Amino acid sequence: MTALTIIVGGGKLERRILTIMHERIIKNCMDIIILTELRNRPMSGYDVISFIHNKFRLLVSSGTVYSLLYSLERNGLITGTWNERKRVYKHTEKGMKTIETILTANDSIKSFITNILKVQATS
């Protein structure tokens with residue numbers, strides 16, 4: 001987990017904080033993002049990198065994406081097959097059940113995150 005480190009200075013502190021948080025959330029939830037998008041179509045590692053860049057304006061390294069894809073495959077959530085010179089990934093039954101469970105729990109997840117972000121009054 002990356003610690004939130006910001007050097008105070010300049011008038012754009014809020015934007016920098018939001019940018020850092022955006023990047024952290026995307027990187028920490030990338031497995032969920034990948035599983036969610038695989039419901040729509042099979043994808044290669046390059047497709048995943050392009051999707052994340054186009055949708056979230058975040059360029060992630062190929063090493064990050066491929067190690068995550070291999071991890072998802074080892075855990076039985078996706079399966080990869082060679083298609084010409086690239087490996088294309090799709091859901092397994094376990095992967096579909098997992099992402100459906102996560103998406104069904106959407107309200108619970110929102111509530112959990114809201115509770116994390118609530119400011120507690122100090123006495």
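Any chance you could tell me what percent of the C-alpha pair distances in the stretch 42-105 go past 19 Å?
Looking at the stretch 42-105, the distances longer than 19 Å represent 37 percent of pairs.
Could you tell me the relative contact order of the stretch 42-105? Use alpha-carbon pairs under 8 Å, at least six residues apart, and round to a whole percent.
Value for the stretch 42-105: 31 percent.
May I ask you to list the trypsin sites (Lys or Arg not before Pro) in the stretch 35-84 that are in a DSSP loop and have at most 13 other Cβ atoms within 10 Å of their Cβ?
39, 57
Which whole-number percentage describes the relative contact order of the chain, with Cα contacts under 8 Å and a sequence gap of 6 or more?
Once normalised by length, the contact order is 21 percent.
With only Lys, Arg, Asp and Glu charged, each at its Cβ (+1 for the first two, -1 for the last two), find how big the charge dipole of the chain is about the Cα centre; round to the nearest 20 debye.
Using only the charged Cβ atoms, the result is roughly 220 debye.
In Å and whole numbers, how far do the C-alpha atoms of the chain stretch along each principal axis, longest first?
59, 33, 21
Tell me, how many Å apart are the Cα centres for the stretch 54-123 and for the stretch 37-52?
12
Quick note: the coordinates plus some simple rules give every number you see, no bench work behind them. A quick note: this is a predicted structure, and the numbers were derived from the prediction, not measured. For neighbour counting, all protein chains shown are included, and Cβ atoms are generated from backbone atoms with ideal geometry for every residue, glycine included.
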